[in-house]
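Student: Below is the structure I would like to discuss, written out as structure tokens.
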Amino acid sequence: RSMQGIEKQVGTMNASLSRMEGVAKSAFAGLAASLSVGAFAGFIKSAINAADEIGKMSQKVGVAVEDLSKLSYAAGLSDVSNEQLSVGLKQLSKNLIEATSGSKEQSAAFRALGVETQNTDGTMRKTIDVFRDISDKFAGMEDGSTKTAIAMKLFGKSGADLIPLLNSGAEGLQTMAIEAEKLGVVITEKTAKAAEEFNDNLTRLTAQSKGLGIEIANLALGPMN
């Protein structure tokens, strides 16, 4: 290609990037203008806290951050809280471990639904994959005491609360996951770790400020008394 042609392409790319930057700045400025300084700071902090919460929840339930944030979005649409989801996923993981370790009772619970707990090589399947399979089975079941009993058997005390989410089926969960991606609410592992570090640093700063106050009090209390 000629140097003139390359320069023209570079110029076109730069113009496109400038337009994109202008749109982004306008959107950001519009959001900032609609909120007070305190409200805007609260908006950002709320997003950081949400990322930190999903990151910590991921560590507890054994589900990848991105998968969990998508599932959390779907749960919200079904009026299922993160706490209920967390309790249910932890119990499901526990039951999976017991089933793959030889527990006949837990194996029977999964087998009754026709859900596999192991991969072809004998290793335990991922919790999120088993959750999707269970959801697919629940979508085709009639609501009632039997479904509630099965849900509580697999997910513990949060089982009944998870039924509206489980009734979405695997296809419904996938549709909501795609919707979460389009809305930009999917949290990555990197973002979750950065949010956790940020909040940890805030905690350290608060502790440091408290320590400074105690030191000043130690110096002042004698003369004041």
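Student: Put a dot 7 Å past each Cα toward the Cβ at residue 148 and residue 182; how far apart are the dots in nm?
Tutor: Placing both labels 7 Å beyond Cα along the Cβ direction yields 3.5 nm.
Student: For residue 118, enumerate residues with amide H under 5 Å from its amide H, sequence gap 5+ or separate chain, H modeled in the peptide plane.
Tutor: Residues meeting the criterion, in which the H sits 1.01 Å from N, are 125.
Student: Another one. What GluC sites (Glu not before Pro) in region 116-225 are in a loop by DSSP, with at most 10 other Cβ atoms within 10 Å of the Cβ? Each step should come with its number before you reach the end.
Tutor: Values: sites: 116, 142, 171, 179, 181, 189, 196, 197, 215; in loops: 116, 142.
Answer in residue order: 142.
Student: With a sphere of radius 12 Å drawn around the Cβ of residue 174, what net charge do the other residues whose Cβ falls strictly inside it have (Lys, Arg +1; Asp, Glu -1)? Mind dumping the intermediate values first?
Tutor: On the way: positive: 70, 132; negative: 67, 136, 171, 179, 181.
For residues surrounding residue 174, the net value is -3.
Student: Would you rank 209, 81, 101, 69 by solvent-accessible area, highest first, keeping every protein chain in place and using a 1.4 Å probe?
Tutor: Values: 209 70, 81 50, 101 95, 69 5 Å².
Largest accessible area first, the residues go 101, 209, 81, 69.
Student: On to the next question. Calculate I(q)/I(0) for region 35-98 by the Debye formula, one identical point scatterer on each C-alpha and no solvent, and give its log10 at q = 0.17 Å⁻¹ to two decimals.
Tutor: Ignoring solvent entirely, the Cα scatterers give -0.64.
The values are calculated or read from the model by the stated rules, or taken from the named source; none is laboratory data. Because the structure is predicted, anything quoted here is derived from the model rather than measured. Reconstructed Cβ throughout: ideal geometry from the backbone, glycine too, with neighbour counts over all protein chains shown. Protein only, heavy atoms only, side chains kept; ligands, DNA and RNA dropped before computing areas. Shrake-Rupley method; radii C 1.70, N 1.55, O 1.52, S 1.80 Å.
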